[in-house]
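Scroll down for the structure; my scribbles are underneath it.
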Amino acid sequence: MLRNALRAIRLDGGLYETVRNDASFSVQAAAIVLITAIIAGTGGWLGEAEGSVRGLVQEVGNGVIGWLVWSTVTLIVGTRLFDGSSDFGQMARVMGFATAPRAPFIFGTIGTIIGGLRMMAAGFVAVRKGLDFGQYVPWPRSFWVSSRPYSSI
């Protein structure tokens, strides 16, 4: 799983294609989302003067719920507006792996900026591969669909 997470961070398109087409990666995708949410929550907890376990739990909940909601939104927008081809399981897997760059969030503001930018790039690759847009898809289509959850970073 660690090797696959590192490939996701390196934006390896071949990994995202494999993950899209192989349901056995579902557990790994969910684990990556959960682990990176815990890492991000720990970073927030350590960075606050009065960090709390409640904040950590909230970050984990936000990470998991955000992953499921954004996988659904990306699927609906990508298939209905942009003629992509996918199902929920495929989108959830690729979007789960796209959260791997969230790991630097443990290092506070700088880690959040670096991880957030890398996560946006991973989202771009995940959407392109997850919706089977092909190699030469016009970039605005994938960027628009993939950038919405990260616009608040």
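The values are calculated or read from the model by the stated rules, or taken from the named source; none is laboratory data. Since the structure is predicted, the reported quantities are computational estimates derived from the model, not experimental observations. Counting neighbours? That spans all protein chains shown, and the Cβs are built from the backbone with ideal geometry, glycine included.
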Given the criterion at pLDDT 85 or above, basic (Lys, Arg) and within 18 Å of ALA37 (Cβ to Cβ), identify the matching residue among ARG80, ARG128, ARG93, ARG102. ARG93
I'd like to verify a number: residues in segment 86-108 that are farther than 17 Å from VAL64 by Cβ and without any contact (Cβ under 8 Å) to a residue 40 or more places away in the chain, how many? 2
When (1) free of Cβ contacts under 8 Å to residues at least 40 places away in the same chain; (2) under 12 Å from TYR16 (Cα atoms); (3) surrounded by fewer than 23 Cβ atoms within 10 Å (Cβ to Cβ) are applied to LEU68, the one that fails is (2)
Counting only residues in segment 95-121 that are assigned to a helix (DSSP H, G or I) and polar (S, T, N, Q), the one surrounded by the fewest Cβ atoms within 10 Å (Cβ to Cβ) is identified as THR109
